[in-house]
Amino acid sequence: MAARRLGQLGLETVLVEKEALGGTCLNRGCIPTKALYAATLPLGKRETYRKMGLDLEIRVDLPRMRAFLAEVVGKLRDGIGRLLSAATVEVLQGEGRLVGPGEVEVHEDSRSERISARAIILATGSSPVALPFLPFDGERVWSSDHALGLPKVPEKMVVVGGGVVGLELATVYCRLGAKVTVVEMMEGLLPGLGLSRRGEAFLRQALQRQGIEVRLKTRAAGLTKHGLLVQGEREEEMEAEVILVAVGRRPNSHGLGLEKFGVRLERGFVQTDEGFRAAPGIYAIGDLRGGALLAHKASHEGLTLAERLSAEWKGTTPPEERPRAMPWTVFTEPEVALVGLPVDTPGLKRGLFPFSALGRAWAEGEPEGFVALVAEEGGKIAGAEIIGPYAAELIAEVTLALELGISVTELAEVVHAHPTFPEAIWEAALAALGQPLHIL
C-alpha cells in the first residue's frame, strides 16, 4: 500500500520483495483463510439446510480445493503487480538489508544491488511463533502456513492456541471432517480482544456444538508418541495425528541490519515515534511495528506514511491524523467482530439486540447471536460487539459511526432496509436509548 500510494503521488519508489507480492495477508493469511472458510461453508450449514428441506451430499476434493486457493491468490497477486506497474513502482526481487545511511543492499541468488533512498520503509511483516518443545515439521506439528497448504485432513487435530488464527483454522478443519480440540492456556477464547463474558461463553458453546472441543486453562507441555502432553487440572496425553500451533506471530526483524543504525527493538518489534520513524530516514509499519497485527491496520499505516512523506518533501500540509476506529473480525461459526471499547467496560450505556428477534435471521436459518452497542454518557457510540451471521460485514457500519463520532440517537434515526441483517444494529441503538421495538 505504501509503495502504491507513493507512486501515485509522483515519488520515485522501489519495492523490494523477498518472496511473493501481497505479503502474508494474501499468500499465507487473510485471503487463503477466508477462501477456505467460504469453500467449507456448506459443510458447516448442512443441518441448517436440512431444516430448510435440502439434504446435501458433499464430497471434499482436496486437490481441487488447493487449486481454488491457488487461483484466488494468483489472480490477486497478478492484480497487485499491475497496480504497482501503473503507479510506476519498480519491483526488485530479493532480500533487502540496510548497509549504510539511506542505503539498502538487495540480494537474490548470486546477484547483489545497492539502492540509495531518501526514506526507507520497513514492512517485513511477521511469521508464526514456534514453541521450543513443538518445532514445526510440516508432518506432525503444523504452523498456520502448513495448515493453509491443505496437506491432508487429519482424523484428530489438536490446535494449541485459542486466538483468531487457531479458531479460524479449527473451524475449517472441523468442517472438513477432523475431530478438533482447541487447547488454550488462558481462561477464555480470543484473549486480548476484549470479548465480553457473554460473547466468549456464547462462542465457546457454539464451537462445542459444532464438535470442536475447547479446553481452557490448559497448557501444551510436549510432544508424545501419539499426540500432545497437556497440563490443566491434571497432566494428560491428548491423542492427535496433527498438532497445529497457533500461539501468535513474531516480527520479521532479524537480518535487516537494523542494529547499526539506531533502530530500537523490543521483543523483536521495531520501536517508532507517532510518525512511524524508527531512526533518521528509516520508518516501520505494520506487524513489524507491533500493536494489533491486522492487515488493514498495516495498510492504513502505509497510506498515512506515504502521504506524510509526500507532503514533507513537497512542502505541503500533511493530512490531519486522528485516532482511528480499528475493527477486529474473526471468521469462526458464528463470526465475531468488535470495534472500539469492550462492551463490558463499566460506565457505558449498552444496547443489546439478539438475532433471535430478527426476521431476516430466521429466514436464513441463522437466529443465534447478538449485536451489542455501547455509548458514552453523552450518547456517542463507543464500541460494539457482534457475534452471529455476517458479523464481519456488519461491523463496518459501527466502525463508520465510531469514526465519525455519531451518537446512538443519530444511528437510530437512519432508515435501515427491511428485511436485512443491519436492522439488528438499528435495533441495538434503539435498545441503548431504552426504546426497543422488537424485544421486551
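The table that follows gives values for the structure above.
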read-out	value
Which numbered condition E377 misses (of (1) acidic (D, E); (2) within 27 Å of the chain's Cα centre (by Cα); (3) farther than 15 Å from E200 by Cα)	(2)
Filter pass, I395 being buried (at least 19 other Cβ atoms within 10 Å of the Cβ) and either in a loop (DSSP other than H, G, I, E, B) or modelled with pLDDT of 95 or more (or both)	yes
Single unsatisfied condition, R264 versus (1) more than 16 Å from the chain's Cα centre (by Cα); (2) of a type outside the set (G, A, S); (3) surrounded by 15 or more Cβ atoms within 10 Å (Cβ to Cβ)	(3)
Residue within region 307-330 that is among the aromatic types (F, W, Y), under 30 Å from R46 (Cβ atoms) and part of a loop (DSSP other than H, G, I, E, B) present	no
Of all residues making up region 19-69, the number that are under 18 Å from A295 (Cβ atoms), among the basic types (K, R) and surrounded by fewer than 19 Cβ atoms within 10 Å (Cβ to Cβ)	1
Residue selected from region 398-434 under the condition under 13 Å from L373 (Cβ atoms) and polar (S, T, N, Q), by the criterion surrounded by the fewest Cβ atoms within 10 Å (Cβ to Cβ)	T409
Yes/no for E19 being assigned by TED's automatic domain parsing to the domain that holds T304, modelled with pLDDT under 95 and not in a helix (DSSP H, G or I)	yes
Subset of region 277-299 [under 12 Å from S126 (Cα atoms), surrounded by fewer than 23 Cβ atoms within 10 Å (Cβ to Cβ) and in contact with a Phe, Trp or Tyr (Cβ under 6 Å, 6 or more places away or on another chain)]	G290
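The values are calculated or read from the model by the stated rules, or taken from the named source; none is laboratory data. These numbers come from a predicted model, not from an experiment. Note that each Cβ is placed from the backbone with ideal geometry, even for glycine, and that neighbours are counted across all protein chains shown.
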